[in-house]
There are 2 protein chains.
Amino acid sequence: MDDLDRKILDILRRDARTPYTEIASTLDVSEGTVRNRVDRLRDDGVIERFTVATRTGNVKAMIEVSVAMDVDTHSVGDRMTDWDEVDFVWQVSGELDIVLVVDAADTTRVNELITKAREQEEVVETKTRLILDEKLG
Amino acid sequence: MDDLDRKILDILRRDARTPYTEIASTLDVSEGTVRNRVDRLRDDGVIERFTVATRTGNVKAMIEVSVAMDVDTHSVGDRMTDWDEVDFVWQVSGELDIVLVVDAADTTRVNELITKAREQEEVVETKTRLILDEKLG
DNA sequence: TATGAAAGACTAACTAA
DNA sequence: TTAGTTAGTCTTTCATA
């Protein structure tokens, strides 16, 4: 991970469809260099995947979920990855155990997701926070 | 947004480099249809951007930040987007105002980021939670 | 790093609902 | 009029030297 790698990643983060040729001329290296670097970054797991950032609904939110002491948070979390409108499921340290990042049509749908979370027998508490604005680092 | 759109998005979310021809044959439509749909989804803002999910460090964390009553959270948040290792800056509702999603080399670096956040004069409180595991929805 | 070959994406004209 | 298809062309990526 040197400076060139970081610059390539910056460009890809903003637009992963930028052609290697364009990245190359921007950074003043050859197309092959960019391609080799990207391949290596992928092999090394620095690039986890090429993906799309979407906004299918009008409301993004974090639903924080706390599960009972004696249950495996992973199995609860795994189940939630299958729910519609759930973009990410994070296992986190701290007060609550799981954070769902969701992208829903409206607040009613968010509410339905909260209800669904609360209906899981392992879930003892939820806290929800709307994501009012998102900016790229 | 019909079922075909959703299926295309699912595929792209998992691998945005899947060729249109491959998506097309998986979903039993023509390559042109996939391309037209993707273009439209992009124009409509459903696809915000093509990007890479990265893990440059070994520790991901949420740093929650609370700012003083009388300041504009946006200006504080905007400043933080420029910091290294910050992937996202969210303005959120609820107890704290801003969530930084960071990807740092180690916990020492996370700690340095927390310190940096606390050094901002508008910041009155921080809470940090490590992201122990991340799964795609 | 440079080049030719292969793969993929794009243009535009056409068809069907 | 809108969505889908197809054929031909152009661009990007890939493999090799």
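The values are calculated or read from the model by the stated rules, or taken from the named source; none is laboratory data. These figures come from a predicted structure and were not determined experimentally. All Cβ positions, even for glycine, are placed from backbone atoms using ideal geometry, and neighbour counts span all protein chains on display.
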Report summary line: Residues of segment B:21-39 being within 12 Å of DNA strand C (Cβ to nearest atom) and surrounded by fewer than 17 Cβ atoms within 10 Å (Cβ to Cβ), in sequence order, are B:T21, B:E22, B:S25, B:S30, B:E31, B:G32, B:T33, B:R35, B:N36, B:D39
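Quick check, is A:L100 surrounded by fewer than 17 Cβ atoms within 10 Å (Cβ to Cβ) and at pLDDT 95 or above?
no
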Requested in this report: Kindly indicate the residue of segment A:28-43 that is without any contact (Cβ under 8 Å) to a residue 24 or more places away in the chain and outside any helix (DSSP H, G or I) and also farthest from DNA strand D (Cβ to nearest atom) among those meeting that condition.
Outcome: A:D28
Report task. Of the conditions (1) touching a strand residue (DSSP E or B) at 6+ places or on another chain (Cβ under 6 Å); (2) more than 7 Å from every other protein chain (Cβ to nearest Cβ); (3) farther than 11 Å from A:L113 by Cα; (4) in a helix (DSSP H, G or I), A:V65 clears all except one; give me its number. Result -> (4)
Requested in this report: Within segment B:1-20, work out how many residues are within 15 Å of DNA strand C (Cβ to nearest atom), out of contact with any helix residue (DSSP H, G or I) (no Cβ under 8 Å at 6 or more places or on another chain) and more than 16 Å from A:R49 (Cα to Cα).
Outcome: 1
Report task. Go through segment A:80-137 and count every residue that is among the acidic types (D, E) and away from every other protein chain (no Cβ under 13 Å). Result -> 6
Query - Considering residues of segment A:1-20 that are within 13 Å of DNA strand D (Cβ to nearest atom) and hydrophobic (A, V, I, L, M, F, W, C) only, the residue surrounded by the fewest Cβ atoms within 10 Å (Cβ to Cβ) - result: A:I11
Report task. Return the only residue of B:T108, B:T126, B:T115 being polar (S, T, N, Q) and part of a strand (DSSP E or B). Result -> B:T126
